[in-house]
2 protein chains.
Amino acid sequence: MSQLPDARPSDSRPSDARLADLAVLIARNRPRFRTATEFVEAAMREAILEGVLPAGAPLRQEDLAAAFGVSRMPVREALRQLEARALVEFHPHRGAVVAEISAEDSADIGAIRAALEPAALRLSLPHLTADDLALAAELIAEMDAEADPGRMGELNRRFHMTLYARAGRPRLLALVEQHLSAADRYLRFQFSALGYHPRSQDEHHALLAACRAGDADAACGIVVRHVIQAGEQLSAFLDGRG
Amino acid sequence: MSQLPDARPSDSRPSDARLADLAVLIARNRPRFRTATEFVEAAMREAILEGVLPAGAPLRQEDLAAAFGVSRMPVREALRQLEARALVEFHPHRGAVVAEISAEDSADIGAIRAALEPAALRLSLPHLTADDLALAAELIAEMDAEADPGRMGELNRRFHMTLYARAGRPRLLALVEQHLSAADRYLRFQFSALGYHPRSQDEHHALLAACRAGDADAACGIVVRHVIQAGEQLSAFLDGRG
DNA sequence: GACTGGTAAATTGGATCCAATATCCAGGCA
DNA sequence: TGCCTGGATATTGGATCCAATTTACCAGTC
């Protein structure tokens, strides 16, 4: 992981073009992560959010280390970070497990989204560009054509984040994305079980229209309803099989 | 730290009362932290929020380990958790530092609070008891008598959390408390520099009154204004010495 | 047959050890 | 003189090792 040479060339005629190409090449080839811990943390977060590591799954440090081809230590540090994000739970001396999902937790996340997302949208909306709106429209179209639940969640997340992106509040946006992802974990169930798809798409269209019109109040109202009703539907679904 | 016996009694007549007492006794006597990592994490978080470890301070793992009387490993895990909470920043191979504070970050936190706190209050307000309101009033009174900025922040945080506590959304409340604490870090400057004290207390009184009256809209309006104007004042202060 | 007690295996938490990287400073070269 | 190069040092990132705790299993007893 860290013993790769940094691709530092000994080429001694540094034309600007060459340097630029080089930077691109380095950027691409640079192992996406500078430390093993970062790598493991990102991979595990994705695995949990994607459902590859299902809720309740025990996380044996030794096994994970072997799977990632590293020692236990980066795994431990990554698990600690994920714990702080409420994606895994530690039980002292008994190990970590992927955080369980529940109707209560779903409602909790829904309440947080319903509070944060309109705030982000209100800040972002005045600064949205035509390109942003075009991209959002494109993402809606892609969702229409998409069947795979995993890709679906990804597109949904990108659609929402595109509309919030100009808020210029990194911390707020990070929180929003975090809970959007967390909600994805829950929605994964629902996508296959219930066909909540068409209605959701209607709301996406309405939201985009309100954004185009620059109508913050309307847009926020749609977002809140969108989030709330998704949460309720999901809570009902989870309750029905708790 | 972890070699204390678990106080498991061999008493073989388990009356319910005895069991309950036992649970209390165990809970009280159980070392507050079960692992060194938990201990270090809690202590460091407090130290950062209290300002004992000021913004920008380098966090040498060896020194911290010595200070806590443990090895570097629990320190490393604790630092990772604090990184996920945005309280420290890692620079690969260069070490960790206490997260810097800035006017932008202050505004960011203000926006988050302004979104989350009214949501928490709205959920909590219908379930507030007379005791809750009495406690809140008491905390306001204590704030009047308090001069120390540290204790002040603590009281302010408890006052707000008392009003939100009945929201019944653990995740939401954790987020609220986290950002209330983060704001404290910033307010510490202000308390001594500017005398924003009296006005803030007026707002606290007004907020409590609205809660007593069960007027959610009014209470939320006050909270939002309270947070926003504290944020603005602070941003201005920080900008003025950027 | 169920429960207590004790022992053994598995797994985590913590400490130590090694490698890799960044910083700092001296020295050579244009 | 100024900049780049190279090595020494400090500090982190990662691996290995040991101890402590939990769990499972099995024997013995009521």
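The values are calculated or read from the model by the stated rules, or taken from the named source; none is laboratory data. Note that the structure is a prediction, hence the values are computed from the model and not measured. Ideal geometry is used to build each Cβ from the backbone, glycine not excepted, and the neighbour counts take in all protein chains shown. Heads up: the accessible areas ignore ligands, DNA and RNA and are worked out on the full protein's heavy atoms, side chains in. Shrake-Rupley method; radii C 1.70, N 1.55, O 1.52, S 1.80 Å.
Listed by first and then second residue, the pairs linking a residue in the range A:157-185 that is within 14 Å of another protein chain (Cβ to nearest Cβ) to a residue that is open to solvent by less than 50 Å² (accessible area, probe 1.4 Å) and among the polar types (S, T, N, Q), with Cβ atoms under 7 Å apart and 6 or more places separating them unless they lie on different chains, are A:TYR164/A:SER124; A:ARG166/A:SER124; A:ALA167/A:SER124. Which one of these does A:SER10 not meet: (1) at pLDDT 90 or above; (2) farther than 30 Å from A:SER106 by Cβ; (3) more than 15 Å from DNA strand C (Cβ to nearest atom)? Tallying (1) at pLDDT 90 or above; (2) farther than 30 Å from A:SER106 by Cβ; (3) more than 15 Å from DNA strand C (Cβ to nearest atom), A:SER10 fails exactly one: (1).
Checking each residue in the range A:180-207 for being open to solvent by 10 Å² or more (accessible area, probe 1.4 Å) and modelled with pLDDT of 95 or more picks out A:HIS205, A:ALA206. If I filter the range A:93-106 for residues that are within 11 Å of another protein chain (Cβ to nearest Cβ), in contact with a strand residue (DSSP E or B) (Cβ under 7 Å, 6 or more places away or on another chain) and away from DNA strand D (no atom under 16 Å from the Cβ), do I get at least one hit? Checked the range A:93-106: at least one residue is within 11 Å of another protein chain (Cβ to nearest Cβ), in contact with a strand residue (DSSP E or B) (Cβ under 7 Å, 6 or more places away or on another chain) and away from DNA strand D (no atom under 16 Å from the Cβ). Helices (runs of 4 or more DSSP H) fully within the range B:45-141 that include at least 1 residues being within 25 Å of B:VAL224 (Cα to Cα): B:103-124.
Would you check if B:LEU116 is within 16 Å of DNA strand D (Cβ to nearest atom), closer than 15 Å to B:GLN178 by Cα and crowded, with 17+ Cβ neighbours inside 10 Å? Spelling it out, it is not the case that B:LEU116 is within 16 Å of DNA strand D (Cβ to nearest atom), closer than 15 Å to B:GLN178 by Cα and crowded, with 17+ Cβ neighbours inside 10 Å. Applying the condition of being within 11 Å of another protein chain (Cβ to nearest Cβ) and either among the basic types (Lys, Arg) or farther than 19 Å from B:MET73 by Cβ (or both) to the range A:77-90 and asking which residue is nearest to DNA strand D (Cβ to nearest atom) yields A:ARG80. Within the range A:52-70, not a single residue is within 11 Å of DNA strand C (Cβ to nearest atom), in contact with a strand residue (DSSP E or B) (Cβ under 9 Å, 6 or more places away or on another chain), touching a residue at least 24 places away in the same chain (Cβ under 8 Å) and small (Gly, Ala, Ser). Against the test of being more than 19 Å from B:ALA174 (Cβ to Cβ) and small (Gly, Ala, Ser), the options B:ALA120, B:ALA78, B:ALA103 yield a single qualifying residue, B:ALA103.
Quick check on A:ARG122: is it among the basic types (Lys, Arg) and either closer than 30 Å to A:PHE90 by Cβ or within 18 Å of the chain's Cα centre (by Cα) (or both)? Answer is no for this residue.
The set of residues in the range B:54-88 being acidic (Asp, Glu) and surrounded by 16 or more Cβ atoms within 10 Å (Cβ to Cβ) consists of B:GLU77, B:GLU83. Within the range B:134-155, being more than 15 Å from the chain's Cα centre (by Cα), aliphatic (A, V, I, L, M) and open to solvent by less than 60 Å² (accessible area, probe 1.4 Å) holds for B:ALA134, B:ALA136, B:ALA137, B:LEU139, B:ILE140, B:ALA141, B:MET143.
One residue stands out among those in the range A:119-133 that are in contact (Cβ under 8 Å) with a residue 60 or more places away in the chain and buried (at least 19 other Cβ atoms within 10 Å of the Cβ): the one that is farthest from the other protein chains (Cβ to nearest Cβ), which is A:LEU128. Of the set (1) open to solvent by less than 40 Å² (accessible area, probe 1.4 Å); (2) facing chain B (nearest Cβ under 9 Å), all apply to A:ALA42 but (2).
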